[in-house]
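Visitor: Just dropping this structure here.
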Amino acid sequence: YWEAVVSVMISYLALTSASLLFIGTHFLMSHPLRAPLVQRFGPKGFMLVYSAVSLVTFVWMVVEFGRAPKAEGLWAVGDGIWVVASLLTLIAAVLLSGSFIRNPSLPGVPAAFAAQPPFGVFMVTRHPMMWGIALWGIAHILVAPRPDNFIFMGSLIFLALAGSKAQEMKKRAMLGGQWAAWIRRTQFIVRPAGLLSVGVGPWIAGLLLWAVATWAHPVWGVVGAGFF
């Protein structure tokens, strides 16, 4: 009995360690270590280092998530929860799809983008990419309320939302009044009514992304989702 308990705890500890390393390296490389690394490796070299570290730590996180025991869920998952989760992942796909167009929060984007009026998915939130990740994570916790999922998805949700706030502090220091004006014209928390104003493009792209991702669940050996 105790051997089984210790084995489970070690698995959860490994997943937690991988998750903390993934989050920690993101924050360190994005903020206190960014300038020294750029100075040492140059902008392109920094992006290579950043991408490599992120990939390695995320792969470790995924591997430990796969190894972690799949305990019983903490609540029953009925059709109602599946409907809510499907809607959340659809909204997440729409936000993510529209977040690559003139997004002032992305690195290397011209400062003038922060002076533009809000449009598309920015009518919903000024951080559509991060909220897309967070909503996706919340949906997966709803349908799989297990300890391993709380650690894995919870880490991604925390990184997305806390990272958004940290990103705002950095952008405020870099862009000053332009970023302050962008904050005044937009909001951090998702505004559901804004989904009516995102335009046709993000909805089409989001629906396609959502359909492909949910179709692929059984192909990847994961429980069916969405229409599948």
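Visitor: Using Cα springs under 10 Å in a Gaussian network model of the chain, which residue among Arg184, Arg146, Arg102 shows the largest mean-square fluctuation?
Guide: Arg184
Visitor: Is the stretch 131-199 rounded, prolate or oblate when judged by the Cα gyration tensor, a ≥ b ≥ c being the square roots of its eigenvalues, rounded requiring a/c under 1.5 and prolate requiring a/b larger than b/c?
Guide: oblate
Visitor: At a 1.4 Å probe, what is the % contribution of carbon and sulfur to the accessible area of the chain?
Guide: The nonpolar share, carbon plus sulfur, comes to 75 percent.
Visitor: Now, a different point. Pick out which of Ala166, Ala112, Ala14 has the largest mean-square fluctuation in a Gaussian network model of the chain, springs linking Cα atoms closer than 10 Å.
Guide: Ranking Ala166, Ala112, Ala14 by mean-square fluctuation puts Ala112 first.
Visitor: Given Cβ point charges of +1 (Lys, Arg) and -1 (Asp, Glu) and nothing else, what value in debye, to the nearest 20, does the dipole of the stretch 1-153 about its Cα centre take?
Guide: The calculation lands at about 640 debye.
Visitor: Here's something else I'd like to know. Could you tell me how many degrees, from 0 to 90 and to the nearest 10, lie between the Cα long axis of helix 147-175 and the main elongation axis, the longest principal axis, of the Cα atoms of the chain?
Guide: Once rounded, one gets 10 degrees.
Visitor: Using only the Cα atoms of the stretch 104-221, what do you get for the radius of gyration and for Dmax, in Å?
Guide: Over the stretch 104-221's Cα set, Rg and Dmax evaluate to 16.1, 49 Å.
Visitor: Still on this structure: Percent of Cα-Cα pairs per 5 Å bin, from 0 to the last occupied bin, for the stretch 9-95, please list those.
Guide: 3, 13, 14, 12, 14, 18, 12, 8, 4, 3, 1
Visitor: Dipole magnitude of the stretch 119-228 about its Cα centre, charges +1 at Lys/Arg Cβ and -1 at Asp/Glu Cβ only, in debye to the nearest 20?
Guide: Charge dipole of the stretch 119-228: 520 debye, to the nearest 20.
Visitor: Can you give me the orientation-averaged projected area of the convex hull built on the Cα atoms of the chain, in nm²?
Guide: The Cα convex hull of the chain, projected and averaged over all directions, gives 14.3 nm².
Visitor: Across the stretch 90-104, in residue order, what do the Karplus-derived ³J(HN,Hα) couplings come to in whole Hz, using 6.51 cos²θ - 1.76 cosθ + 1.60 with θ = phi - 60° and x for Gly and Pro?
Guide: Each residue of the stretch 90-104 in turn: 5, 4, 4, 5, 5, 4, 5, 4, x, 7, 8, 9, 6, 8, x Hz.
Visitor: Rolling a 1.4 Å sphere over the protein heavy atoms, what is the accessible area per residue of the stretch 21-104, to the nearest Å²?
Guide: Result: 59 Å² per residue.
Visitor: Based on alpha-carbon centroids, what's the gap between the stretch 94-117 and the stretch 161-210 in Å, whole number please?
Guide: Centre-to-centre distance over Cα atoms comes out at 8 Å.
Visitor: Once a ≥ b ≥ c are taken as the square roots of the eigenvalues of the Cα gyration tensor of the stretch 50-123, is the result rounded (a/c under 1.5), prolate (a/b larger than b/c) or oblate (a/b not larger than b/c)?
Guide: Cα axes put the stretch 50-123 in the oblate bin.
Visitor: Using a 10 angstrom cutoff on alpha carbons, build the Gaussian network for the chain and name the most mobile of Gly108, Gly137, Gly154.
Guide: Of the options given, Gly108 has the highest mean-square fluctuation.
Visitor: Put +1 on the Cβ of every Lys and Arg and -1 on every Asp and Glu Cβ in the chain; which of Leu55, Ala213, Val190 then has its Cα farthest towards the positive end of the dipole?
Guide: Val190
The values are calculated or read from the model by the stated rules, or taken from the named source; none is laboratory data. Remember, it's a predicted structure, so these values are computed and weren't measured experimentally. Ideal geometry is used to build each Cβ from the backbone, glycine not excepted, and the neighbour counts take in all protein chains shown. Calculation scope for accessible area: heavy atoms of the full protein, side chains included, ligands and nucleic acids excluded. Shrake-Rupley method; radii C 1.70, N 1.55, O 1.52, S 1.80 Å.
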